[in-house]
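The next block holds one structure in the form of structure tokens; read it before the comments.
The values are calculated or read from the model by the stated rules, or taken from the named source; none is laboratory data. Note that the structure is predicted; figures quoted are calculated from it, not measured. All Cβ positions, glycine included, derive from the backbone under ideal geometry; neighbour counts span all protein chains shown. When the accessible area is computed, the model is the full protein with side chains, heavy atoms only, and any ligands, DNA or RNA have been set aside. Shrake-Rupley method; radii C 1.70, N 1.55, O 1.52, S 1.80 Å.
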Amino acid sequence: MKIVITDYKDVLERNLEYEKNILSEGLKDVEIVIYEYNSDQNEFLEVIKDGDAILTAFLDINKTVINRCKNLKCISINAVGYDCVDLEEAAKKNIAVCHMGEYCTQEVAEHTMSLILSLSRGIKHYINDIDKKGIWKYQSINNLQRIEGQTLGIFGFGKIGKAVAKRALAFGMQVVAVDPYVKTEEAKALNVRLVDSEYVWKNADIVSNHMNQNSTNNNFFTINEFNKMKKSPIFINTGRGSSFNEKDLLIALEKNLIRGAGLDVLAEENPNLEKNKLVGRENVIITPHAAFYSETSMRELQRISCENIVYYLKGEKEKVNRIIRLNS
């Protein structure tokens, strides 16, 4: 039995011995291969072609990859999102796609609030003043507004959206949410009002994206939406990089359609930071897809994703945290 743990170099810079121990203790006679993806597709396909299971977070497991893997039984995603996998093709081949429903809600909500607070209080500006310019002057920035009383518009009111709302309400913010899958009573119980997108464009001081990525909301935030934002809000994205158009966001910033952006993700998982024009702007804070990260969440991420493989390959499907699609 062969299991391939594969991803980009920086993603694999974690305690892989911990994962290998879980897999080797849970399965007998298992070969564990660690493969650092280097853009050589032929080499990648050669490594995984006889794998019984693949563990990855960001690599594109598309139709070509799936059809090359003749023994593949399980794809374990060590993340909540699973849009990197061709689910239809996996289903045709009777391959389970497993992910985890929960491991980092608190971290992402805290990170979101950190971005909101940092942009609202001009923290990056003051850091640059002190660290780079030697300036000690609170009046060197304009238009700082008290966060209490501001309206936060949340897109995607799942676990993370709800956790962000809870924290924002504690700061005295007014919170509204856009989510067609949530009932009015459910939101109301949390002191949040469900609204449509147009309400957010007109009234939000801060817009925060937490939508699960799918075909209906890919490239959701474009110049068309930014043009509708009446209050020049702060834009926060700790969801998926594909949910907004980077070029349009840059235009929105330059035209003051939005007054700042906090981004934990960009269009590419491994972006060229030297060429990205969003980098280096005082009113933009970018973090390296780190919102999920803490020592606690990483252990949970590793444990659950490896246990999903163990349980599935042992035939204990009922113990798998989540199976997205499976023909059996």
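Annotation note: of GLY172, GLY153, the sole residue that is in a strand (DSSP E or B), open to solvent by less than 50 Å² (accessible area, probe 1.4 Å) and not assigned by the TED database to the domain that holds VAL80 is GLY153. Scanning region 53-92 for residues that are hydroxyl-bearing (Ser, Thr, Tyr), without any contact (Cβ under 8 Å) to a residue 40 or more places away in the chain and open to solvent by less than 10 Å² (accessible area, probe 1.4 Å) yields a count of 0. Number of residues in region 289-316 that are charged (D, E, K, R), surrounded by fewer than 19 Cβ atoms within 10 Å (Cβ to Cβ), more than 16 Å from ARG14 (Cα to Cα) and out of contact with any Leu (no Cβ under 8 Å at 6 or more places or on another chain): the value is 1. Taking region 266-283 as the range and being open to solvent by less than 60 Å² (accessible area, probe 1.4 Å) and more than 16 Å from LEU119 (Cβ to Cβ) as the test, the residues that pass are LEU266, PRO271, ASN276. Could you tell me whether ILE286 is of a type in the set (A, V, I, L, M) and open to solvent by 40 Å² or more (accessible area, probe 1.4 Å)? Answer is yes for this residue. Inside region 184-238, residues that are of a type in the set (D, E, K, R) and assigned to a helix (DSSP H, G or I) make up a count of 7. The single condition among (1) aromatic (Phe, Trp, Tyr); (2) surrounded by fewer than 22 Cβ atoms within 10 Å (Cβ to Cβ); (3) within 19 Å of the chain's Cα centre (by Cα) that TYR103 does not meet is (2). Number of residues in region 124-150 that are on the phi < 0 side of the Ramachandran plot and either among the charged types (D, E, K, R) or touching a residue at least 60 places away in the same chain (Cβ under 8 Å) (or both) equals 11.
Among the residues of region 206-238, just one is touching a residue at least 24 places away in the same chain (Cβ under 8 Å), open to solvent by 30 Å² or more (accessible area, probe 1.4 Å) and β-branched (Val, Ile, Thr), namely ILE223.
Within the option set SER39, SER24, being among the small types (Gly, Ala, Ser), open to solvent by 20 Å² or more (accessible area, probe 1.4 Å) and in a helix (DSSP H, G or I) holds for one residue only, SER24.
Here LYS183, LYS166, LYS162 are screened, and the one residue that is within 21 Å of GLU102 (Cβ to Cβ), in contact (Cβ under 8 Å) with a residue 40 or more places away in the chain and open to solvent by 40 Å² or more (accessible area, probe 1.4 Å) is LYS166. Among the residues of region 244-260, is any more than 28 Å from TYR37 (Cα to Cα), open to solvent by less than 30 Å² (accessible area, probe 1.4 Å) and small (Gly, Ala, Ser)? Yes, there is a match, as at least one residue in region 244-260 is more than 28 Å from TYR37 (Cα to Cα), open to solvent by less than 30 Å² (accessible area, probe 1.4 Å) and small (Gly, Ala, Ser).
Tell me, yes or no, whether region 9-21 has at least one residue that is surrounded by 13 or more Cβ atoms within 10 Å (Cβ to Cβ) and without any contact (Cβ under 8 Å) to a residue 12 or more places away in the chain. Yes.
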